[in-house]
Amino acid sequence: MSMRRVVAAETLDGLAADDPSAIRSRRDLQRVHLAMGTRGIVARALRELTASRRAAAPLRVLELGAGDGTLMRCVARALKKNGPAARLELLDRQNLVSTATLAGYAALGWHASARVCDVFDWVASDSAPHDARAEPRWDVIIVNLFLHHFEGVQLDALLGAIATRTNSFLACEPRRGVLALAGSHLVGVMGANAVTREDAVLSVHAGFQQGEISALWPPGGAEWMLKDYSAGFFSHCFSALRRSNQNGRTF
């Protein structure tokens, strides 16, 4: 059954970082990620995106809309045995990453830092095309349950900035469909609060289906390899891999 994409403001986004309902909802999200299998989905996609990378330097990773940073810590743990060393920047408009979370990354061999910044300030901070004088591109930019908050001009601007500043991109988003919608109505079974219960349903209505993110990705001819696919029961993923970096090496 076809579902029209509808983007609506979610309650959690409007709450202060220290609001008790927000704190509870962020804990709920950790359980939601466990139920969705997000850690495994992201870890597998990262392995695929970086499999041909030949650089000896640590992997440079940026997560946009990183929240409290705990999801990527779980991914780092999953990648510990065979994954590369990494330098991770966690960008979010609220200061949510604790020192304990950063210490957890360090224990896994990842150097993580938090940056408080609105994503559209990040978009505007370097709108010029990437060139040799600019900062090196990120090896990977990651978003999780983030793109679905945006549409139209905002989404176009965000994807455009990402394409300019990275060698690969991974998005793990809600899948817009009947099964995911049914699941979103059941998050209360896990003990989720009213904020999470409401936002889960809105997230699915704003989610993505096959080919939609690929259609929005900035045109680049043969420069990018794109993959738009369902993952697990409730997730939809998109990855973009630049065929070569600016030095001409296969990434």
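I'd like to compare 192-205, 7-20, 173-186, 138-151: which one has the highest average count of other Cβ atoms within 10 Å, and what's the full order after that?
By packing density, highest mean first, the sequence is 138-151, 192-205, 173-186, 7-20.
Note down the net charge around Ala182, summing +1 for each Lys or Arg and -1 for each Asp or Glu among other residues with Cβ under 15 Å from its Cβ.
Values: positive: Arg175, Arg176, Arg197; negative: none.
Residues near Ala182 contribute +3 overall.
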> Each residue of segment 189-198 in order: what ³J(HN,Hα) in whole Hz does its phi give by Karplus 6.51 cos²θ - 1.76 cosθ + 1.60, θ = phi - 60°, with x for Gly and Pro?
Replying inline: 4, 7, x, 5, 7, 4, 4, 5, 4, 6
> Taking all protein chains as present, what is the carbon and sulfur share of the accessible area of segment 145-251, in % to the nearest whole number, probe 1.4 Å?
Replying inline: 61 percent
> Where in segment 77-101 is the amide nitrogen less than 11 Å from a point lying 7 Å along the Cα-to-Cβ axis of Ser113?
Replying inline: 88-90
> Under a no-solvent Debye model with one identical scatterer per Cα of the chain, what's log10 I(q)/I(0) at q = 0.12, 0.13, 0.15 Å⁻¹?
Replying inline: -0.68, -0.81, -1.11
> Once both labels are modelled 7 Å past Cα along the beta-carbon direction, what's the Arg44-Gln94 spacing in nm?
Replying inline: 3.1 nm
> What are the ³J(HN,Hα) values, in whole Hz, obtained from phi via the Karplus relation 6.51 cos²θ - 1.76 cosθ + 1.60 with θ = phi - 60°, for each residue of segment 151-166 in sequence order, with x given for Gly and Pro?
Replying inline: 8, x, 4, 4, 5, 4, 5, 5, 5, x, 5, 4, 4, 6, 10, 9
> Taking only the alpha-carbon positions of segment 154-251 and ignoring solvent, what does the Debye formula give for the base-10 log of I(q)/I(0) at q = 0.24 Å⁻¹?
Replying inline: -1.18
>> Calculate the FRET efficiency for Val178 and Ala222 from the Cβ-Cβ distance with a Förster distance of 35 Å, rounded to the nearest 0.05.
In response: 0.45
> In Å², what does the accessible area per residue of segment 72-223 work out to with a 1.4 Å probe?
Replying inline: 46 Å²
> Per the Kirkwood treatment, what hydrodynamic radius in Å, one decimal, follows for segment 1-93 from the mean inverse distance over all distinct Cα pairs?
Replying inline: 15.5 Å
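The values are calculated or read from the model by the stated rules, or taken from the named source; none is laboratory data. Owing to the predicted nature of the structure, the values given are computational and were not obtained by experimental measurement. Every residue, glycine as well, gets a Cβ built from its backbone with ideal geometry; the counts of neighbours run over all protein chains shown. Heavy atoms of the whole protein, side chains included, go into the accessibility calculation; ligands, DNA and RNA do not. Shrake-Rupley method; radii C 1.70, N 1.55, O 1.52, S 1.80 Å.
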